Each structure stands twice: as C-alpha cells, then as structure tokens.
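First up is the structure itself, then whatever we jot down about it.
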Amino acid sequence: MIKRTHNCGELRLSDVGKDVAVAGWVRSYRDHGNLIFVDLRDRYGIVQLVFDPEISTAAHDLAEKVRCEWVLASAGKVRPRGEGLENPKLATGQIEIAVSEAEILNVAKTPPFEIEAAQKVNEEIRLCNRYIDLRRPVMQARLGLRHKAAKVVRDFFDERGFWEIETPMLSKSTPEGARDYLVPSRLQAGSFYALPQSPQLFKQILMISGMDRYFQIVRCFRDEDPRADRQAEFTQIDVEMSFVDCDEVMDVNERMIARVWKEILDVDVALPVPRISYSQAIAQYGTDRPDVRFDMKLKDISDIAADSSFGVFTSTVEKGGIVKGLCAPGGAKLSRSDIEKTLTAFVADYGAKGLAWAKVVKSDAGEMSLGSGFAKFFDTARQGRIIERFGAAQGDVILLVADKADIVNKSLAALRVRLGRDLKLYDENRFDFVWVVEFPLFEWDEDQKRYDSLHHPFTSPIQADMNKLQTEPANVKSQAYDLVVNGSEIGGGSVRIHNIETQRKVFELLNISKDQAEERFGFFLRALEYGAPPHGGIAFGLDRIIMLLAGTDNIRDVIAFPKTQRGQCLLTDAPAPVDKSQLEELNLRTKIPPAAGE
RNA sequence: GGGGCCGUAGCUCAAUUGGUUAGAGCAUCGGACUGUCGAUCCGAAGGUUGAGGGUUCGAGUCCCUUCGGCCUCGCCA
C-alpha cells in the first residue's frame, strides 16, 4: 500500500519538487481523454492530482476507472501549476501532484447525495447516511470546532487546579425534574438504574469528599421532547467548587467562556459580564433569558389601561392581570394584516387572546398621538402618557397584550425576539452576554398546589432571606445564576445548601416528606452530615455553546450522531425491539408487543 | 398530547381551475476530448408522485386515514 507522506491540505509552493504521497476520497474528476485531473479530499483539505500517460500509463489507466468517493492513494512529484492555472479557491491551489503511482484503496457506491453540492439536502437523508454527511467539510469543521472548544475548557480548568472526575452513568432515579431514562437491572430483578439528568449530587458529594474543585464534560439524559436546540442526550460542562460564593463561581466561569470565545472565534468578551436581576429581566424582557443585543424593552401600562374605555383592558386589570407591551421602532411598515393575522396568531401560541396595536403619528403641529387600533379607547392625555412611557417616536407601532402576568410576559418575550429579528434591530454577528441573578428560590405550582424549586432543591437561599423560609417562602431569593447569550441560556448554577437543617427545611417546603426525602436523597443527606464545605457550581450546555460558535441554529449540526424529534437514530434505527431472551434475562415483559413487519 | 409546514427521478425542484405520455438542473451510465478545477460537448437510462382508501369520465393536484421529517406549544427540578 502507498503510505501517505502528506495530507491533502498542506502542500504549498514551498513543497515543489518533493516526492510525496497522499490518500483520500475522490471529490471530483475531470477526464480530458489523455489528461485526467482528480481532486482528492481528506479532513485537511483538497489537492489536485494530475494523471498524465507520459508520466505513467499504469496510473493513467487506473485513473480512468476512478469515481467520486472512491478511496485513492497516489504518489508523485509536487509541481507548480502553470501561469494562470492556479485555483484561488483551494489552499493548495498553487500546486498539483504529477502522479507516477496510484492505488485504489477502495471503491464506493454512488453517494445518495452530492457531498459538496450547494443545494440544501433533506436532513432525513443526511441522518440516514451520516457517514456521507460527515464527509462534508462544513460538518468536519463543526466537529473540529467542538473538539477544540472542549480542549480549551479542559485546559482552562486544569490550569486552575480543577480535576476532571467521572461520575456514574448508571445511577439512581430522582423523580422531580425531567423524565428519566431507565435501565433495568439484571442482578436485581424489578429494579432500575436511571441515566443521569446531570451529575448534580455526585459533584456535591465530591466537594464533601474534599476534591475542592471539579469539572467534567459529561453526557446527560432527559427524556423530554426535543427542540431545535435540545436533544434528549446532550453534553454538559459541569463545574463545582468548594469554599466559594456566587461571585467567585461567576468570575471563574465567565473567564472560561471568554477564553473559549477568544480562542475559537478571536472575539473578546468584555469582563465582567453584566448582571441583571430575575425580576428586572421579567419586567423588561418578559423572560429570564433576555436577548440584550437590542433594546425594545417591555413596559407595563396597567395603570393607564385601567382607566381607559377599553373593556378588555379594564376587566383584565380588575381581575389582577396586567397590560404590557412593546414599541416596535419603525413598526409602521407592518401592515394591518401582519399585525392582526400573523403576529396575533403568533402570540396566541403563548396563550395571548389578542394583540392590541396603535401607530404613533405626528400632527402637522408636531403633536404626537396614537392612530387607529386601540387609540380610540384613550383620551389625548392618556395617549400622551403611553407614548411617553414607551419613548415612542413617529412611525413606531405599540403592541399590547392584556392577560395574566405569565401569559403577557411569555407572549411578549417571544414577540420581542421575533420583531427584533424581523425588523433587524441588532447585528447578528455580535454576542451579548448577561448573568441573570437573584432568582426566587421557589415558584408556586398552581396545579399541584405546592412550591416548586425554580432551579433545583439543592440551591441555597441568600443569607439575608434565611429567616423568610418559614414566613414567606415565595419571597425568598436564591443564590442562583444563569448565563445568557443572545437570548439563549447556555449555563446555570448556584451556591448549594451545605447545611443539613436548611436542606431539610427546603424539602419540607417542596412538600417532600421525611420518608420521601430519605428514600430519594438519603445517601446525599447523610453525606451532608459529615462536614460539607460551603460549595457552589454551574453547568453549561456544551452543544448550545458550540451552536453559537458554529453559527448554526440546529443542535443536530454539532452532534455527530444525533436523534430525530421522535428520539430515533436514523442511522442505527435505535430504539428497536430486543430479543425475547434479553427481556427474560431482565425479568421484563412489555405491554405493547413489538410491531410486526409494518 | 395540541398547532403549523413539508413529502414528486439518487439529490434539489417544477407540473395552470382536477385534463394528453409527470418535466428540468445536478448526479449516474456510454461516447468524444491534453490544462481542467462545480470541466466541456454528444447520447442514454432513470418515477408505485411516502403508504392506504375515497370522490370523479379523469387525481401529483380535492377529501379521509396513516407513516416519516422539521418548527412549535405543553414538557425540559
């Protein structure tokens, strides 16, 4: 076999005259009858081979047979391309290899789609033939970027004394949170392991064990419906530190993120990353993951709306709801049908029953007022107050939603993001980071009539609110923080509870009985009793970080072998039925018989 | 579980109000060609319109069911 001396991307003019050998896949061939050109591709690039019968008839004969995606090795001399024959599109475009010896290492069927075709190939076909798809330079670049980013993370933490410690994949189900993936135990019939939703308790136990600083790039599993940026199986950068407060965790980790952005994109992230409180985020952006690349903040006008003549507004406020909205700069260019059909349907997805609108107009005398839409329900003075509150200008459109606070905020948050994009209110190439802090410790779950952790049940309240746990749990703030970039949450963490009494108290408030707590978290509670240091940490979604770095909005683009929306791997066809004998060994019987030859 | 979009040749798409034998580009196969580089030129082959049912003289097109993909609401401590 011809052994390669160089890869397909590295030869330059300075290599002219060298005897070299390369190997790779045939990207394309141009057969001129006598002279044959072959573009050979590997992970590193593309190089042009020339087969000239005057150099070797054997090699030329072989090249006549070669087809796209065949695996080919070739040896020959590097020579400069003639004047005007360079190809500026290739890094190796100044040279070519005059082949004296060639060897077909393997043949290939005609690929199911053209690998470097500019046209966009159906993702289903790409996933079924992932080995072909992953030959595309763009996919190779994304996986390369992923590798490099992970290495930057590892180096960063290593330099600061963090140890990467593995935690179990087969562990214990802790109901609450997302649905678990279960693995049946053979040795203990009827019992199950759960795949980790995150190594949360293990990393806390590592702190109790005195490991001091831990990180792990680790697979996590959550059996929930996927989204464009969510996959049941995903990768976390998991971090935990002892003897720290919120500021130290945020400080180290924003430096880590800044290092990644610098080394991968050569982008400088301004440190420290600004912070916004949860309540401010909800008030101004309607969400705890605000896209701060553009302004267009939400404004509450419940007070003005309450004494309008618009029944929907007044009754909403009377019932304890709110009237809130945003002012779309230059929104006057939106047509009435854009607003009343498209945007109204859009907010309806989030439960909003309507979208009130008014255009901001200026009279000849220079007076600003509201035109059309909901304007007729407000007198001149109140119109003025609305315009003033939004800081609205002529040509803007004010859009309002009236409903219960959570519906108003959710729908307006989504509308804000959509309009920001549609009206091009920001530069798509910038990255704006923000820490969201001061989350409430609990949220009230109306369905189950109990408190629920906003973050998770191991999050510590802020010191000043400790005594409120008993009296007004709804107003207790937590030591939690989320890192948000361009409206995407890429990480979240907290300082943890390290005191067993506080932990018990929190379980109590979450309506987890002593027995339940013992059954689910007993191992952890016992660990807490043996000298747990104050500790805190964070976890980042590596896949989402890579998406941002790679500039794609699809998580499947940054995972080598992803699953579809129905949790299927189109390459392997997993999940699939198993042999009866396997089930028997596991003492399992399925309720639904496996589908027979559909 | 709900809502939306989509499914036509290997790939990307087209096909008038329901109307003849479902077309094009690329890929494939054969031929020609010594400087191409998404080679070019000539020729050929390629289809159960995702599947099933219905309406109709006639269905890629309309209706129902179903399968699959994507987006999304719910869900994601």
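Could you pull out the residue among A:VAL244, A:VAL239, A:VAL183 that is assigned to a loop (DSSP other than H, G, I, E, B) and hydrophobic (A, V, I, L, M, F, W, C)?
It is A:VAL244.
Please state which one of A:LYS514, A:LYS580 is away from RNA strand B (no atom under 16 Å from the Cβ), without any contact (Cβ under 8 Å) to a residue 24 or more places away in the chain and assigned by TED's automatic domain parsing to the domain that holds A:ARG186.
A:LYS514
What tally of residues in region A:397-415 results from selecting those that are assigned to a helix (DSSP H, G or I) and under 17 Å from A:PRO329 (Cα atoms)?
4
For A:GLN463, only one of the following conditions fails: (1) within 25 Å of A:GLU248 (Cβ to Cβ); (2) open to solvent by less than 10 Å² (accessible area, probe 1.4 Å). What is its number?
So A:GLN463 meets the others, but not (2).
Only one of these conditions is not met by A:VAL436: (1) in contact with a Phe, Trp or Tyr (Cβ under 7 Å, 6 or more places away or on another chain); (2) within 14 Å of RNA strand B (Cβ to nearest atom). Which number is it?
(2)
Please work out if A:VAL434 is more than 26 Å from A:ALA258 (Cα to Cα), open to solvent by less than 30 Å² (accessible area, probe 1.4 Å) and not small (Gly, Ala, Ser).
When the stated conditions are applied, A:VAL434 does not pass them.
Consider A:ASP225 carefully, then state whether it is part of a loop (DSSP other than H, G, I, E, B) and open to solvent by 30 Å² or more (accessible area, probe 1.4 Å).
Yes; evaluated as a whole, the condition is true for this residue.
Which one of A:VAL16, A:VAL22 is open to solvent by less than 10 Å² (accessible area, probe 1.4 Å), closer than 16 Å to A:LEU90 by Cβ, touching a residue at least 40 places away in the same chain (Cβ under 8 Å) and within 16 Å of RNA strand B (Cβ to nearest atom)?
A:VAL22
Return a yes/no flag: does region A:414-432 have any residue that is among the small types (Gly, Ala, Ser), within 21 Å of A:ASP229 (Cβ to Cβ) and either assigned by TED's automatic domain parsing to the domain that holds A:VAL244 or out of contact with any Pro (no Cβ under 9 Å at 6 or more places or on another chain) (or both).
yes
Filter region A:25-46 down to the residues that are more than 10 Å from RNA strand B (Cβ to nearest atom) and in a strand (DSSP E or B) and list them by number.
A:TRP25, A:LEU40, A:ARG41, A:ASP42, A:GLY45, listed by residue number.
For region A:423-436, what are the residues that are out of contact with any strand residue (DSSP E or B) (no Cβ under 9 Å at 6 or more places or on another chain) and either at positive phi or among the charged types (D, E, K, R) (or both)?
Those that are out of contact with any strand residue (DSSP E or B) (no Cβ under 9 Å at 6 or more places or on another chain) and either at positive phi or among the charged types (D, E, K, R) (or both): A:LYS424, A:ASP427, A:GLU428, A:ARG430.
Kindly indicate which of A:MET139, A:MET169 is within 16 Å of RNA strand B (Cβ to nearest atom) and in contact with a strand residue (DSSP E or B) (Cβ under 8 Å, 6 or more places away or on another chain).
A:MET169
With of a type in the set (A, V, I, L, M) and not in a helix (DSSP H, G or I) as the only criterion, which of A:LEU127, A:LEU105 stands out?
A:LEU105
Which one is farthest from RNA strand B (Cβ to nearest atom), of the residues in region A:71-95 that are assigned to a loop (DSSP other than H, G, I, E, B) and over 15 Å from A:GLY45 (Cα atoms)?
If we take residues in region A:71-95 being assigned to a loop (DSSP other than H, G, I, E, B) and over 15 Å from A:GLY45 (Cα atoms), then A:GLU83 is farthest from RNA strand B (Cβ to nearest atom).
Residues being within 16 Å of RNA strand B (Cβ to nearest atom), out of contact with any helix residue (DSSP H, G or I) (no Cβ under 8 Å at 6 or more places or on another chain) and open to solvent by 20 Å² or more (accessible area, probe 1.4 Å): count how many of those fall in region A:194-222.
9
Read through the list (1) more than 22 Å from the chain's Cα centre (by Cα); (2) under 30 Å from A:GLN204 (Cβ atoms); (3) surrounded by 15 or more Cβ atoms within 10 Å (Cβ to Cβ), then give the number of the only condition that A:GLU159 fails.
The number of the failed condition is (3).
Here are the criteria: (1) away from RNA strand B (no atom under 12 Å from the Cβ); (2) modelled with pLDDT under 95; (3) under 17 Å from the mean Cα position of the chain (by Cα). Tell me which single one A:ASP553 does not satisfy.
Result: A:ASP553 fails condition (1) only.
Tell me yes or no: at least one residue of region A:583-596 is at pLDDT 90 or above and within 14 Å of RNA strand B (Cβ to nearest atom).
No: zero hits.
Could you grab me the full set of residues in region A:130-171 that are free of Cβ contacts under 8 Å to residues at least 60 places away in the same chain and not in a helix (DSSP H, G or I)?
Result: A:ARG136, A:GLY161, A:TRP163, A:GLU164, A:ILE165, A:GLU166, A:THR167, A:PRO168, A:MET169, A:LEU170, A:SER171.
Between residues in region A:253-266 that are under 19 Å from A:ARG142 (Cβ atoms) and residues that are at pLDDT 95 or above, which pairs lie under 6 Å by C-beta distance while being six or more apart or on different chains?
A:VAL260/A:ALA149; A:VAL260/A:VAL152; A:TRP261/A:VAL267; A:TRP261/A:VAL269; A:GLU263/A:VAL152; A:ILE264/A:ALA149; A:ILE264/A:LEU549
Output the residues belonging to region A:96-132 that are in contact with a strand residue (DSSP E or B) (Cβ under 9 Å, 6 or more places away or on another chain) and near RNA strand B (Cβ under 9 Å from one of its atoms).
If the condition is that a residue be in contact with a strand residue (DSSP E or B) (Cβ under 9 Å, 6 or more places away or on another chain) and near RNA strand B (Cβ under 9 Å from one of its atoms), then A:GLU96, A:ALA98, A:GLU116 are the ones that fit.
Taking the condition open to solvent by 50 Å² or more (accessible area, probe 1.4 Å), touching a residue at least 40 places away in the same chain (Cβ under 8 Å) and hydroxyl-bearing (Ser, Thr, Tyr), does A:TYR181 pass?
yes
The values are calculated or read from the model by the stated rules, or taken from the named source; none is laboratory data. Just so we're clear, the structure is a prediction, and the values are computed from it rather than from any experiment. Neighbour counts are summed over all protein chains in view; Cβ atoms, including those assigned to glycine, are modelled from backbone coordinates with ideal geometry. In case anyone asks, the SASA skips ligands and DNA or RNA and just uses the protein heavy atoms, side chains included. Shrake-Rupley method; radii C 1.70, N 1.55, O 1.52, S 1.80 Å.
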